[in-house]
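The values are calculated or read from the model by the stated rules, or taken from the named source; none is laboratory data. Not measured: the values here are computed from a predicted model. Heads up, the Cβs are rebuilt from the backbone with ideal geometry, glycines too, and the neighbour counts pull from every protein chain shown. When the accessible area is computed, the model is the full protein with side chains, heavy atoms only, and any ligands, DNA or RNA have been set aside. Shrake-Rupley method; radii C 1.70, N 1.55, O 1.52, S 1.80 Å.
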Amino acid sequence: MHKNLLTYLLFIAIVCSYSLIFSQTLPLKNYNTKDGLPQSTIRCIFQDSKGFIWFGTFNGISKFNGTKFYNYNIENGLSNNTVNSIMEDNNGNIWIGTPKGLNKMVNSKITVEKLKGNITKILKDKKGNLFILIPKQTIYKYDGKEFTPLDFNFNKKELHITNFALDKKDNIILINSGKLYRYDFVSTKEILS
């Protein structure tokens, strides 16, 4: 019995020392408005191809270079200070979705695009097309030239897309009225209800 107790205690000591030796404490910094964020609630986050981190807040959008925050809001041309979604196109332009429409930032200059409504999500496929969700309307495809509404064959009464994603084949997986669908640009199929 004494030998079993010693073996057990030795085992516990080894396990505890192993976890102490190989455990890590990662450095964690909490950024807030004192550090330069325009507002303390982050609604979305995106890293662009240059490594900048973009934060969408209730008071505009912020670009972080690892040291300093650069903030943009309605005074800089943003259609609304609430930022729901951020995406970069293949030309390095930043697209910003707000409750009042779609915005495009080119070299720190913001323009309001013709697509209006509550833009809640922007995604990009492998070809560089942007897909923009306006709930209760549809998802729009932007090919670099024009915005085309996608037809999912839902009647207007049924149309209530709340979220979507792109799968590895760039099919659209969407949630409409609580049901899951896949759209392959030919047809819409319910995959889970």
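Of the residues making up region 128-145, those that are modelled with pLDDT under 95 and under 13 Å from GLU88 (Cα atoms) number 1.
The one condition from (1) in contact with a Phe, Trp or Tyr (Cβ under 6 Å, 6 or more places away or on another chain); (2) touching a residue at least 24 places away in the same chain (Cβ under 8 Å); (3) open to solvent by less than 20 Å² (accessible area, probe 1.4 Å) that PHE46 does not meet is (3).
Residue by residue through region 178-193, note down the ones that are over 21 Å from the mean Cα position of the chain (by Cα) and either within 29 Å of VAL112 (Cα to Cα) or surrounded by 12 or more Cβ atoms within 10 Å (Cβ to Cβ) (or both). Don't jump to the end; show me each part of the working.
If we filter region 178-193 for residues that are over 21 Å from the mean Cα position of the chain (by Cα), which is where we start, we get 179, 184-193.
Of everything in region 178-193, those that are over 21 Å from the mean Cα position of the chain (by Cα) and either within 29 Å of VAL112 (Cα to Cα) or surrounded by 12 or more Cβ atoms within 10 Å (Cβ to Cβ) (or both) turn out to be LYS179, ASP184, PHE185, THR188.
Considering only region 163-177, state which residues are assigned to a loop (DSSP other than H, G, I, E, B) and open to solvent by 60 Å² or more (accessible area, probe 1.4 Å). So that I can check it myself, show each step before the final result.
Step one: of region 163-177, the residues assigned to a loop (DSSP other than H, G, I, E, B) are 167-171, 177.
Those that are assigned to a loop (DSSP other than H, G, I, E, B) and open to solvent by 60 Å² or more (accessible area, probe 1.4 Å): LYS168, LYS169, SER177.
For the structure I just gave you, tell me whether LYS136 is touching a residue at least 24 places away in the same chain (Cβ under 8 Å) and closer than 26 Å to GLY178 by Cβ. Spelling it out, LYS136 is indeed touching a residue at least 24 places away in the same chain (Cβ under 8 Å) and closer than 26 Å to GLY178 by Cβ. Of these, SER62, SER108, which one is modelled with pLDDT under 95 and closer than 25 Å to LYS34 by Cβ? It is SER108.
Of all residues assigned to region 21-34, none qualifies as being open to solvent by 60 Å² or more (accessible area, probe 1.4 Å), in contact (Cβ under 8 Å) with a residue 12 or more places away in the chain and touching a Ser or Thr at 6+ places or on another chain (Cβ under 7 Å).
The C-beta contact set for region 59-75 (first residue in contact (Cβ under 8 Å) with a residue 40 or more places away in the chain and open to solvent by 40 Å² or more (accessible area, probe 1.4 Å), second residue of a type in the set (Asp, Glu) and not in a strand (DSSP E or B), distance under 9 angstrom, 6+ apart or interchain) is empty. Give the residues of region 94-113 that are open to solvent by 20 Å² or more (accessible area, probe 1.4 Å) and out of contact with any Leu (no Cβ under 8 Å at 6 or more places or on another chain), sorted by residue number. Selection gives PRO99, LYS100, LYS104, VAL106, ASN107, SER108, LYS109, THR111.
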